[in-house]
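Presented below is the structure to which this report refers.
Nothing in this text is a laboratory measurement; each read-out follows from the coordinates by a stated rule. Since the structure is predicted, the reported quantities are computational estimates derived from the model, not experimental observations. Neighbour counts are summed over all protein chains in view; Cβ atoms, including those assigned to glycine, are modelled from backbone coordinates with ideal geometry.
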Amino acid sequence: MKKNVLPLLIFCLLQGFFLKAQAPAEERDPEKIREYFTEHLVRIAGPVLESLSKNRLKETMPVEVTPHPWGDRKKVTYLEAFGRTLSGVAPWLELGPDNTPEGKLREKYIRMALKAIRNATDPEAADFMNFTEGGQPLVDAAFFAQGLLRAPGQLWERLDKQTQANVLKALKSTRSISPAYSNWLLFTAMVEAALLKFEGQADMVRIEYALNKHREWYLGDGIYGDGPDFHWDYYNSYVIHPMLLDIGAVLKEKTNNDYRLLIERAQRYAAIQERLISPDGTYPPIGRSLPYRYGAFQALAQIALLQKLPDAITPAGVRSALYAVLKRHHRAPDMFDEKGWLTLGFYGRDPEVAEGYLSTGSLYLCTEAYLVLGLPPDTPFWTDPPEDWTQKRVWSGKKVARDHAFYPKTHREPEWETIVDSTSFAGYEAFEKAWNYQYPWGSDHNGSARMYAGPENRRQLTLDKHVLQIRATLVTEDEGKSSSPPHQRIKYHSAAIHSKHHITVSREYPLYKVSGEFRAPVARGTWPAFWLTAVNGWPPESDILEFKGDTYNWQNTFITPGEVSTIKKNIPDAMETWHTYTAVLKRVDDTMLTIEYFIDGKKTGAHRANFTGKPLWLIINLQMEGSSGMPGPETDTFYYARKVTVQRAKKP
């Protein structure tokens, strides 16, 4: 027996070693991490939404309070649980149903949420919520309103008319509550923002007063006072930044207000939040309302959801950091009671850490950390390989960027409206919403390739992992000559696409940016292009990328057939490496505009042209021979594109 002890011990130690070695590999899988987020959001939100959808929330939800509660928390705790849960789960629900397991799960929870909204606002329902008694209902009516604003398609438009009327009545009833002179002003503003969004009218004084006071209370470096004074707590994340952003978004939509400064301040605060997360997922337990747990990172999650993260932090790094925070909290064995409800405490159950205004319903603000689930699974946040966040890089000896205080930009980046986004190559359905097959005029142009791409031909044009691939192949039969000058004999089949949107620089939209990443062939006889050309006649033309049989990219601007300006740049690895090609078109007056050309973010030059008011097609194609020389290759030629975007702005 003694002889067997040592091998057994070695086996156990090795088994433990290999199990530990396997765990990080699982954590490096973004798909598994999304599943983890989804599983735990459902675990938290499930009891609230399921009970309320059955009109049994007041019957089933326990009400845990501190040893010295402020009044009867039962009067307010149910609306707390409902409003906060809805606010956190809404972006995920807004993705809507689909045929994936997650999409089917979303539909289940959308239906629950719709029933929950009906019961919460129906005066005849057992779970009708208290919207008027005491001050607290104003707070959680605001979270309820915020949830509706974050999922208008799924949580507002799918409501029946009677329930919509009940919701509006419930929200208006909170006007009888006077807010405290603090972040509470934003609760009145949030309610009014929802009324403005869904009814078209609101008490604008309540909105403007809250915004003006928070302009006064801004202290610098991304931090607002909670009222006139600074408080070292997480209320900038629990309430202030997220509500300012959501209110600002409604005002931008309804009144065209500029809320870029709100975004910039929130970006700075998000950068600070990312730096607060330790390598093991812990963070400082500072200030009041700690039982909101990882709801403390709502501001970071929301900036990630808006895809507005500051340059110093990456989506994958934020994903890894939030995942670490969630896992750290979930290690506590008593974060949930035996029936799945959250318990009062910070790390696990600890009622003593909670203030008297907190109870079970309050705790569901933690769902705000899951806002990132509102990003579709195919966005970089959920697909990029894992990255370390700031503190993990620092404490493992890696270099990090310097951190600086935030000051408002004197020369602001325009507020871009995205017309064609970077996901248009995610699949054929998304592609066909933004792009048409072929040239705008048909299948032929000025080379020896004829375009054959379309739903019936996936050989010349394919989409895979957000990458567009165009293939040019030699033809085996005589197809005659191109129908376009100079009428070359057709030797190749290839592909071209053009955007459905016409790019027109005008007084209304004086600024356009067209950009994309490409790997372009440079062999003799290959002629890839990414270009703008006139909808009506020719020219205008602007070539953002054009290789003509060698490693030089041509960025041309044709004003007349004989008047052309050209910028040439040698890119030896144009086929092997992804490079970004960009053009920025800016109106000068009703006739002239400027076109600034960039490669990999570096300006290569600028041209002036009389293109203002002239609609342009955006084309991606792989032509052959012609200006790129003859003979062309005898083997297949490939041209790759990804992250192609078209953006415009009303203000330069």
Cα-based shape type of the stretch 128-272, given that a ≥ b ≥ c are square roots of the gyration tensor eigenvalues and the cut on a/c is 1.5 | prolate
Can you give the calculated 222 nm mean residue ellipticity of the chain, where each DSSP H run of n ≥ 4 adds -39,500 (n - 2.57) and the sum is split over every residue, rounded to the nearest 500 deg cm²/dmol?
-> -11000 deg cm²/dmol
Report, in degrees rounded to the nearest 10, the 0 to 90 angle that the Cα long axis of helix 77-94 makes with the longest principal axis of the chain.
-> 10 degrees
Apply the Debye scattering formula to the stretch 430-520, with a single equal point scatterer on each alpha-carbon and no solvent, then give log10 I(q)/I(0) at q = 0.14 Å⁻¹.
-> -0.61
Taking N as the number of residues in the stretch 418-649, what is its alpha-carbon radius of gyration divided by 2.2 N^0.38 Å?
-> 0.95
If you line up the long axis of helix 185-199 against the longest principal axis of the chain, both from Cα atoms, how many degrees apart are they, to the nearest 10?
-> 60 degrees
Label-to-label distance, nm, for residues given as Asn610 and Asn446 (7 Å Cα→Cβ offset) = 2.0 nm
Can you give the translational diffusion coefficient of the stretch 214-320 in µm²/s, computed by Stokes-Einstein from the Kirkwood radius over Cα pairs at 37 °C and 0.692 mPa s?
-> 229 µm²/s
Dipole magnitude (debye, nearest 20) for the stretch 527-574, charges at Cβ of Lys, Arg, Asp, Glu | 40 debye
Given (1) 37.2; (2) 29.0; (3) 31.4, the label whose value is mean projected area of the Cα convex hull in nm² derived from this model = (1)
Kindly provide the trypsin sites (Lys or Arg not before Pro) of the stretch 227-320 that DSSP labels as loop, not H, G, I, E or B, and whose Cβ sees at most 15 other Cβ atoms within 10 Å.
-> Lys308
Sorted by Cβ neighbour density within 10 Å, fewest at the top, the residues Met243, Met575 | Met575, Met243
Can you tell me the relative contact order of the stretch 75-152? Whole percent, Cα pairs under 8 Å, sequence separation 6 or more.
-> 50 percent
Check Tyr224: other-chain or 5+ apart residues with amide H under 5 Å from its amide H, H built from backbone geometry?
-> Leu219
Aspartates and glutamates within cross-link reach of Lys568: Cα-Cα under 15 Å, excluding same-chain residues under 8 positions apart?
-> Asp543, Glu546, Asp550, Glu596, Asp600
By Cβ neighbour count within 10 Å, fewest first, His493, His579 rank His579, His493
Can you give the convex hull volume of the alpha carbon atoms of the stretch 14-160 per residue, in Å³?
-> 153 Å³
If you find the alpha carbon centre of the stretch 245-311 and of the stretch 548-582, how far apart are they in angstrom?
-> 41 Å
Normalised by the number of residues in the stretch 158-274, what is the relative contact order in percent for Cα pairs under 8 Å and 6+ residues apart?
-> 22 percent
Would you list Ile117, Ile620 from fewest to most Cβ contacts within 10 Å?
-> Ile620, Ile117
Cα centroid separation, the stretch 86-149 to the stretch 164-195 (Å) = 16 Å
0 to 90° range, to nearest 10: angle between helix 315-330 axis and the chain longest Cα axis = 20 degrees
Give the relative contact order (percent, whole number) for the chain; include only Cα pairs under 8 Å separated by 6+ residues.
-> 12 percent
Please return the longest stretch of the chain lacking exposed loop sites, where GluC sites (Glu not before Pro) count only if DSSP places them in a loop and at most 16 other Cβ atoms lie within 10 Å.
-> 158-337
Unsatisfied cross-links (Cα-Cα over 23 Å) in the set Lys213/Lys308; Lys308/Lys513; Lys108/Lys465 = Lys213/Lys308; Lys108/Lys465
